[in-house]
Amino acid sequence: MKAVVLAAGEGNRMRPLTYTRPKVMLPIANKPILEHLLTEVSAAGIEEFIFVVGYCDEQVRQYFGDGSKWGVSIGYCNQRKQMGSADAVRSLEGLVEGNFLVLNGDIIVKQEDIRRLAAHHRNTVSIIEVADTRGLGIVQMEEGKVIEIYEKVENPPSRMANAGLYLFTPDIFAAIQKTPKSPRGEYEITDSLRLLMQAGQEIQSNQIRQWLDLSYPWDLLEANERLMTGMEPQVMGELEDYVVIKGSVSIGKNSLVRSGSYIEGPVIIGEDCEIGPGCHIRPCTTIGDGCKIGFAVGIKNSIIMRGSKLPHHNYVGDSVIGADCNFGAGTKVANLRLDKKNVTVGGIDTGRRKLGVIIGDGVETGINSSINVGCVIGNNVHIGPGALVSGNVAPEAKIF
């Protein structure tokens with residue numbers, strides 16, 4: 001059986017992090033989302049993959065290659081214009097034989113759930129019960145069978161969400177040929193399944209137990225926390241004297257942790273990093289390759305992407321920092337409202353009481369600048385000395 005992974009989209013709701021990379025290549029626990037998914041599907045016994053790629057596809061192809069590094073075979077199919085999930089599956093006709101799996105590339109699921117799905121013999125939708133149905137497709141069940149699928153409606157009839165994980169039979173291709181465009185202007189795979197139901201075909205369900213749906217940048221923080229739970233410590237870099245390490249900490253090759261640094265796991269530090277002296281890295285922080293975390297810097301529960309530098313007297317909490325950013329000495333990020341209410345971003349309740357900043361790539365800050373709670377900063381922004389930044393900042397902006 002082949003597994004088809006839909007990885008063609010940009011992920012607009014993840015901007016500014018997806019201006020320079022596809023959503024599936026965003027890092028969690030220092031690995032792309034897509035790598036976590038590949039690992040779980042492979043552990044379920046699937047060895048042949050097709051990645052449907054489009055936006056910034058060269059990054060996916062370069063990173064994963066033919067799949068031999070993971071002991072699997074990966075082929076690629078291009079969806080140049082993203083016209084919906086059914087359009088993506090349509091392009092696979094002739095590339096798959098018999099039943100096959102289709103997975104959204106921006107979800108995290110576990111091998112046990114994938115293995116149960118692969119054991120089905122009819123068209124099957126994976127479902128999971130959720131507390132918050134906003135922005136999700138909802139599945140209505142009757143006697144264990146799917147009777148309707150709703151796309152992002154208010155007051156849905158159930159709390160069983162479509163998990164974006166399917167088993168399809170070859171019948172799906174005929175249904176896709178008859179599928180009209182949705183009101184959103186796309187060809188939706190759920191509409192194709194609805195046509196099969198109208199034709200009298202039974203659509204089965206596969207209830208899964210663990211699922212991470214990554215819609216917004218702050219969702220990466222929760223996923224980072226969960227995937228780091230129970231991680232095994234591994235120190236492959238160099239530690240100077242008087243470095244304190246507590247809990248599970250992973251340090252990559254050619255990374256140097258200087259004297260006086262205090263690291264509380266779980267923490268992942270990539271390769272070729274310079275850490276310290278005298279910094280404090282707190283739990284659930286991941287630091288990408290080639291980063292510099294310097295003197296008197298505090299980091300908590302954050303994702304720092306490759307090549308970024310926080311060299312002197314910086315604080316970053318509950319934040320996502322893009323690649324190749326540079327913080328001036330004394331730049332601080334606020335991560336808690338004074339009234340202690342949930343942080344909102346662009347009118348959206350993030351559900352998080354603590355959230356700092358979401359920063360795109362190539363952002364530079366001057367000395368003693370301050371970044372307010374729930375701020376979103378686009379790529380290549382320049383923030384001057386002593387500036388206070390709040391709200392959403394467009395790419396290439398200059399703030400003084």
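The values are calculated or read from the model by the stated rules, or taken from the named source; none is laboratory data. Note that the coordinates shown come from a computational prediction; the quantities given were computed from them, not determined experimentally. Every residue, glycine as well, gets a Cβ built from its backbone with ideal geometry; the counts of neighbours run over all protein chains shown.
Selection of strands (runs of 3 or more DSSP E) fully inside region 70-131 by the criterion of at least 1 residues being in contact (Cβ under 8 Å) with a residue 12 or more places away in the chain and polar (S, T, N, Q) returns 73-78, 100-104, 124-129.
Within region 294-323, count every residue that is assigned to a strand (DSSP E or B) and under 16 Å from the mean Cα position of the chain (by Cα).
Here the count works out to 4.
For region 191-208, the condition of being β-branched (Val, Ile, Thr) and either at pLDDT 95 or above or not in a helix (DSSP H, G or I) (or both) holds for at least one residue.
State yes or no: is ASN379 part of a loop (DSSP other than H, G, I, E, B), surrounded by fewer than 19 Cβ atoms within 10 Å (Cβ to Cβ), modelled with pLDDT of 95 or more and in the same structural domain as ILE287 (by TED's automatic domain parsing)?
No: the conditions fail for ASN379.
The set of residues from region 282-307 being small (Gly, Ala, Ser) and on the phi < 0 side of the Ramachandran plot comprises GLY288, GLY294, GLY298, SER302. Give me the residue from region 130-140 that is of a type outside the set (S, T, N, Q) and in contact with a strand residue (DSSP E or B) (Cβ under 6 Å, 6 or more places away or on another chain) and, out of that set, farthest from LEU196 (Cα to Cα). My answer is VAL130. Of the candidates GLY45, GLY9, the single residue that is in contact (Cβ under 8 Å) with a residue 24 or more places away in the chain and either of a type in the set (S, T, N, Q) or in contact with an Asp or Glu (Cβ under 9 Å, 6 or more places away or on another chain) (or both) is GLY9. Here VAL333, VAL357, VAL393, VAL345 are screened, and the one residue that is under 17 Å from LEU17 (Cα atoms) and buried (at least 23 other Cβ atoms within 10 Å of the Cβ) is VAL357. I'd like to know if region 151-167 contains one or more residues that are surrounded by fewer than 16 Cβ atoms within 10 Å (Cβ to Cβ) and either among the hydrophobic types (A, V, I, L, M, F, W, C) or within 16 Å of ILE46 (Cα to Cα) (or both). Checked against the condition, which is being surrounded by fewer than 16 Cβ atoms within 10 Å (Cβ to Cβ) and either among the hydrophobic types (A, V, I, L, M, F, W, C) or within 16 Å of ILE46 (Cα to Cα) (or both), region 151-167 yields at least one hit. Of the residues making up region 1-45, those that are part of a loop (DSSP other than H, G, I, E, B) and closer than 30 Å to GLY98 by Cβ are MET1, ALA8, GLY9, PRO22, ALA44, GLY45.
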